[in-house]
Amino acid sequence: MGSVPVGGGAPVSVQSMTNTDTRDPDSTLAQILALQKAGCDIVRVAVPDRKASDRMREIAEGSPIPVIADIHFDYRLALRSIDAGVHGIRINPGNIGDAKKVAIVARAILEAGICVRVGANSGSLHAKFKNINKDSEGIAQALVKSALEQCRLLEKHGVEKIKVSLKSSDVATTVMACRKLAEVSDYPQHVGITEAGTLRRGIIKSSVGIGAILSSGIGDTIRVSLTADPVEEVKTGIMILESIGLRAGAPEIVSCPTCGRTEIDLIKLAGRIEAEIEKIKSSGAIIGLKKIAIMGCVVNGPGEASDADLGIAGGKERGALFSKGRLVRTIQEKDLLRAFLEELRKHTFHRE
């Protein structure tokens, strides 16, 4: 996908989608830049009409990461976007049109040498699947069949750079569909739970679903679909990959749950430290630590977090700064944050 490899053993990439008016390239490019700084690898942009397609060249050329044109209903928008220089397109087999229109798009894809993502969603399946069983098994089978039909049609016209996306708002259906597809094909899969919901609910549903799929060894790109700022999608996607070991945390942050032994404002302290780390990383700097621990008391301090490169533990009157289970020094409670950040900055390096 442009400069980002997809499939074939490449690292799982994180995608998001802009929610700006694509007809406004300045605001769209500003959001793409924010997404890229948050860690986004590939961005999808809606192309709802001809006016939007007219601005795709400016967006594709100005974007620091590969741009996918999201096309529904009108195959001519796909042609115009391809001509504008996008790095890939997304079409839906349920609404792109008849075989003749798909053939025209296929020729344009071949000539441009770009990839295409075939997307099948449970909410927009072709009318031929209207009589399927509406349980998870039936919908999952229909998603696979619908996508494969479209893939074969594209392959018939010589298109080989194909990714497949099978999504439902139901976690079990999505997981089942992705696993069924993996059993019968080796297409790279773009993974996500569509219409996952608002920030908290969407994060939970997406983490459960995407995590289950990735843990099965399936998935080449992911998108966390949230009714929230798209930057939150990227942050969540990266955290999912870190949590299951598919991306290094740089650093991984662990913190204990609060309990009756906690004698400091651990929630506030952990939030401040996490925010500072995000600020450092977004500046382009590198933190040369693998694991950081923010602990509420000596019980969960150097002992349980003995593998942390740098850690802090609260105490009744004094807290402890530690590294690899060894006490570095004790610190007054009011100075915990300052001392920790001072130590953190000693391990922060700026790229040349």
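Observations
- Screening Ala275 with (1) hydrophobic (A, V, I, L, M, F, W, C); (2) modelled with pLDDT of 85 or more; (3) surrounded by 14 or more Cβ atoms within 10 Å (Cβ to Cβ) gives one miss only, at (3).
- Some residue of segment 295-314 being over 30 Å from Ser216 (Cα atoms), at pLDDT below 85, among the hydrophobic types (A, V, I, L, M, F, W, C) and in contact with a His (Cβ under 7 Å, 6 or more places away or on another chain): no
- Residues of segment 162-185 satisfying the condition of being out of contact with any His (no Cβ under 8 Å at 6 or more places or on another chain) and outside any helix (DSSP H, G or I): Ile162, Leu166, Lys167, Ser168, Ser169, Asp170, Ser185
- Test result for Val105, assigned by TED's automatic domain parsing to the domain that holds Cys178, at pLDDT below 95, over 23 Å from Gly237 (Cβ atoms) and buried (at least 20 other Cβ atoms within 10 Å of the Cβ): yes
- Residues satisfying the stated conditions in segment 113-138, i.e. more than 15 Å from Val164 (Cβ to Cβ), at pLDDT 80 or above and either under 23 Å from the mean Cα position of the chain (by Cα) or crowded, with 16+ Cβ neighbours inside 10 Å (or both): Ile114, Ser136
- Among the residues of segment 30-43, those identified as in contact (Cβ under 8 Å) with a residue 24 or more places away in the chain and surrounded by fewer than 23 Cβ atoms within 10 Å (Cβ to Cβ) are Gln31, Leu33, Ala34, Gln36, Lys37, Ala38, Gly39.
- Going through (1) surrounded by fewer than 21 Cβ atoms within 10 Å (Cβ to Cβ); (2) touching a residue at least 40 places away in the same chain (Cβ under 8 Å) one by one, Arg23 falls short only on (2).
- Selected residue (only one of Ile273, Ile292, Ile287, Ile264 is without any contact (Cβ under 8 Å) to a residue 60 or more places away in the chain and touching a helix residue (DSSP H, G or I) at 6+ places or on another chain (Cβ under 8 Å)): Ile292
The values are calculated or read from the model by the stated rules, or taken from the named source; none is laboratory data. Treat the numbers as computed from the prediction; the structure is a model and nothing was measured. Heads up, the Cβs are rebuilt from the backbone with ideal geometry, glycines too, and the neighbour counts pull from every protein chain shown.
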